[in-house]
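Below: the structure, in structure tokens.
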Ligand SMILES: NC(=O)c1ccc[n+]([C@@H]2O[C@H](COP(=O)([O-])OP(=O)(O)OC[C@H]3O[C@@H](n4cnc5c(N)ncnc54)[C@H](O)[C@@H]3O)[C@@H](O)[C@H]2O)c1
């Protein structure tokens, strides 16, 4: 199903200084050295080391609309990792996870960018019970404000894929960490190498709008990832090979784990304590 095996010529990675951004940046730096891409632009609000002498580094916030337009100019593809990567108050999530996405999608349309790969999250569907197996057609059922922000961006990406030439590839990433440290990760883990494999599919496959799960080789998990397999994704890693330490046997009733049962930070209904207890 590949458009072409060729990577887009010019690629922007946002959140490039973060955990996942660093992995993908290393892969794309190699592609730059090998002549498989011509330009690599890296953006983060944090300072970052230049991974390649020809990489273009921008230190700025995507919450600023002008920054988003400057960042996207001349880019064929965007891999969007930037944002707050966990539950928080709206004061922080609105600029970093909602306004930033709105600016970025508008900028990409205005500059004729071909595609955006979006680091969505399993927390967009984290309120589904663990007894249910869902696929890419499952409507959002967010477990947190963070999950609501991811669901917002998925829906915006779907709209833009219909009204504009901009395509989007939304990766509902599970747990992408160096190791499996919780029982839940046995159902949600994605190794860094498998994440890069999925990104490669997002950069080369033919689609207009897709939702896929960021998941390693897990046959009996919460998510049926056949849509990603149809597009060419072939994960190679199994969570059991990444287990570190003793796993806590507790399993949440919800796919999103503790994020689904934690109270909303910053507001407390009358008669309850801030930790959610009555
Ligand atoms: N790691 C996972 O298991 C996982 C799972 C699901 C989704 N995700 C998503 O993938 C993305 C990357 O996750 P990560 O684990 O690397 O998180 P991370 O926190 O390590 O990286 C996020 C990066 O975004 C940058 N950033 C934050 N706000 C910004 C802004 N306004 N402008 C520019 N840069 C900004 C941060 O400085 C940071 O470097 C996030 O969007 C996260 O929600 C990650």
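The values are calculated or read from the model by the stated rules, or taken from the named source; none is laboratory data. Keep in mind that this is a model prediction, so the values were computed, not measured. Positions of Cβ are backbone-derived with ideal geometry, glycine not excepted, and every protein chain shown enters the neighbour counts.
Determine whether residue 148 is outside any strand (DSSP E or B), within 16 Å of the ligand (Cβ to nearest atom) and either within 14 Å of the chain's Cα centre (by Cα) or crowded, with 22+ Cβ neighbours inside 10 Å (or both). Yes. Candidates are the residues of the range 225-251 that are farther than 19 Å from residue 176 by Cα and over 19 Å from the mean Cα position of the chain (by Cα); the one that is modelled with the highest pLDDT is 230. Picking from residues in the range 197-219 that are modelled with pLDDT of 95 or more, under 30 Å from residue 245 (Cα atoms) and more than 13 Å from the ligand (Cβ to nearest atom), the one that is nearest to the chain's Cα centre (by Cα) is 197. Within the range 110-132, one or more residues are surrounded by fewer than 20 Cβ atoms within 10 Å (Cβ to Cβ) and in a helix (DSSP H, G or I).
Of the listed requirements (1) more than 12 Å from the ligand (Cβ to nearest atom); (2) farther than 21 Å from residue 188 by Cβ; (3) not in a helix (DSSP H, G or I), residue 161 misses just one: (3).
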